[in-house]
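First comes the structure, then the notes that go with it.
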Amino acid sequence: MSSAANNTSPDQYAAPVALTPAELAALPHDSQDVRLLASIWTLGFIATVFLSLRIYCRMTKGQRLWWDDAVLIASWVRLFSHNKPPFGILSYHCAFKC
């Protein structure tokens, strides 16, 4: 290969287009917001079902709740009370989209 074929200068390329922030915001973005929110709500629902069945089984067998149950309940409460909307990521989503 000749060295002349590899010589490129910046003049050969088009100048970058300067866009305003409003124009940049109007461009299409590869956003995964809906998929992320759907997975968070689905996993939150599964956690609720799991925790409800666990507590139900403990109560019907007459067993006491132990420290691991307290950790699960505290985690579940934290999951649903993180910020004003049910999930913190939802409040982040609404801060920029809603």
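The values are calculated or read from the model by the stated rules, or taken from the named source; none is laboratory data. Model, not experiment: these values are computed from the prediction. For neighbour counting, all protein chains shown are included, and Cβ atoms are generated from backbone atoms with ideal geometry for every residue, glycine included.
Descriptive notes on the structure:
- Considering the range 47-98, and only residues there that are at pLDDT 75 or above and basic (Lys, Arg), the residue that is nearest to Gln32 (Cα to Cα) turns out to be Arg78.
- All positions within the range 14-67 that are hydroxyl-bearing (Ser, Thr, Tyr) and in a helix (DSSP H, G or I): Ser39, Thr42, Thr48, Ser52, Tyr56, Thr60
- Any pair with Cβ under 8 angstrom, 6 or more apart, that starts in the range 27-42 at a residue that is more than 21 Å from Trp76 (Cα to Cα) and ends at one that is surrounded by fewer than 11 Cβ atoms within 10 Å (Cβ to Cβ) and modelled with pLDDT under 80: Asp33/Lys97
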